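The values are calculated or read from the model by the stated rules, or taken from the named source; none is laboratory data. As the structure is a computational prediction, the values presented were derived from the model and not from experiment. Quick reminder, even Gly has a Cβ in these numbers, built from the backbone with ideal geometry, and neighbours come from all protein chains shown. Each accessible area value is taken on the protein alone, full model and side chains, heavy atoms only, with ligands, DNA and RNA left out. Shrake-Rupley method; radii C 1.70, N 1.55, O 1.52, S 1.80 Å.
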Amino acid sequence: MAFFGNKVVREDLKQALVDDVFHSVARRYDLMNDLMSGGLHRAWKDVLVTAVNPPRPKGRPGRLDDKTKQPFALLDLASGTGDVALRIADIGGPGTRITVADINPEMLAVGRERAAKAGRDIAFIEANAESLPLPDRAFDVVTIAFGIRNVPRIELALAEAHRVLKIGGRFLCLEFSSVDVPGLDALYNLYSFNIIPALGRAVTGDAEAYRYLVESIRKFPQPAIFAEMMRAAGFRRASFQRLTGGVVALHSGWRL
Ligand SMILES: C[S@@+](CC[C@H](N)C(=O)[O-])C[C@H]1O[C@@H](n2cnc3c(N)ncnc32)[C@H](O)[C@@H]1O
């Protein structure tokens with residue numbers, strides 16, 4: 001069995017329910033992220049991108065040093081509309097190769113359009129994070145932002161992320177977490193359960209999708225438990241950093 005928000009569903013049925021959510025909101029997904037988080041998701045993603053640290057152009061504009069051309073392969077899982085991948089493409093040097101994978105064709109379609117508009121060369125693949133059609137030890141960094149809690153069998157997705165990383169590669173996972181600041185938790189709950197579904201209804205016409213979002217956040221394991229799951233999948237030096245009073249956590253682990 002698995003949780004789909006607060007509902008208990010058969011594990012093999014969860015993915016289809018999750019797919020319906022993102023199918024329904026794909027075209028308004030980026031706008032909703034800005035509205036719901038008051039733009040904060042951008043700051044959280046900046047923390048992730050800083051940790052990814054791709055080799056980037058240095059020195060005077062137009063003058064690239066050798067390090068810039070260093071090959072650097074990044075995989076962004078559950079990429080949705082490619083928001084994280086585009087941010088990394090914006091700062092990475094010419095050696096940066098970005099692949100994104102998502103199970104949902106509608107989300108990928110929005111991502112492809114965004115990449116084309118921005119003139120970014122990103123490989124988009126439709127794939128389940130639990131079973132990636134990608135070779136072993138191919139990537140320097142694997143990222144996943146606000147995606148892992150949607151995956152029915154998290155342990156399989158972690159094992160796959162570990163498998164496709166090079167030795168010495170890093171896994172970075174940004175995910176909602178549990179607020180640990182007294183007072184802020186009550187405010188956060190009030191906002192989450194009342195404002196977010198109403199905003200979802202107004203902007204996407206689908207309050208249920210955003211009720212799922214709020215409920216799924218509450219069902220996601222505490223960061224220390226998730227760090228244990230990462231260790232069980234083979235990651236070393238698993239650690240996490242809470243952001244914005246614990247609203248979000250950035251998890252990190254290495255394939256060593
Ligand atoms: C909340 S969105 C996150 C999108 C993006 N990473 C971001 O931060 O804006 C979650 C994404 O996870 C994807 N997803 C859900 N289950 C998945 C799975 N099993 N494998 C790959 N992607 C999945 C959904 O299709 C959706 O695009």
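What 222 nm value per residue comes from the helices of the chain, counting each DSSP H run with n ≥ 4 as -39,500 (n - 2.57) and dividing by all residues, nearest 500 deg cm²/dmol?
My calculation for the chain gives -13000 deg cm²/dmol from helical runs alone.
Given 0.36 nm per residue, what is the gain on full extension from E11 to R218 after removing their alpha carbon distance, in nm?
That pair, E11 and R218, stretches by 72.7 nm at full extension.
First check a/c for segment 127-207, with a ≥ b ≥ c the square roots of the eigenvalues of its C-alpha gyration tensor; if it is under 1.5, answer rounded, and if not, answer prolate when a/b is larger than b/c or oblate otherwise.
It comes out prolate by the Cα gyration axes.
In vacuo Debye scattering of the chain, one point per C-alpha: log10 I(q)/I(0) at q = 0.15, 0.16, 0.17 Å⁻¹?
-1.11, -1.27, -1.44
Quick one: Debye curve from the C-alpha atoms of segment 1-112, no solvent, what's log10 I(q)/I(0) at q = 0.20 Å⁻¹?
Taken in order of the listed q values, log10 I(q)/I(0) reads -1.11.
Over segment 1-131, what is the relative contact order in whole percent, taking alpha-carbon pairs under 8 Å and six or more residues apart?
So the answer I get is 21 percent.
Could you tell me what percent of the DSSP beta bridges with both partners in segment 127-256 are antiparallel, to the nearest 5?
Percent antiparallel among DSSP bridges in segment 127-256 is about 70.
May I ask for the longest run of the chain untouched by trypsin sites (Lys or Arg not before Pro) that are loop-located per DSSP and have at most 14 neighbouring C-beta atoms (other than their own) within 10 Å?
That would be 138-256.
I need the Debye-formula profile for segment 115-256: one equal scatterer per C-alpha, no solvent, reported as log10 I(q)/I(0) at q = 0.14 1/Å, two decimals.
Calculated log10 I(q)/I(0) at the listed q: -0.77.
How much accessible surface area, in Å² rounded to 10, belongs to the heavy atoms of E106 with a 1.4 Å probe?
Surface accessible to solvent at E106 totals approximately 60 Å².
Is there a quick way to get the dipole size of segment 100-256? I mean about its Cα centre, with the Cβ of Lys and Arg at +1 and of Asp and Glu at -1; what is the value in debye to the nearest 20?
About 460 debye.
For L13, what accessible surface area do you get with a 1.4 Å probe? Give it in Å², rounded to 10.
My reading of the accessible area for L13 is about 90 Å².
Over segment 200-241, what portion of Cα pair distances is larger than 16 Å, expressed as a whole percent?
Looking at segment 200-241, the distances longer than 16 Å represent 53 percent of pairs.
From the mean inverse distance of alpha carbon pairs (Kirkwood) and the Cα radius of gyration, derive Rg over Rh for segment 164-214.
1.22
Calculate, for the chain, the solvent-accessible area per residue in square angstrom, rolling a 1.4 angstrom probe over the heavy atoms of the protein chains.
47
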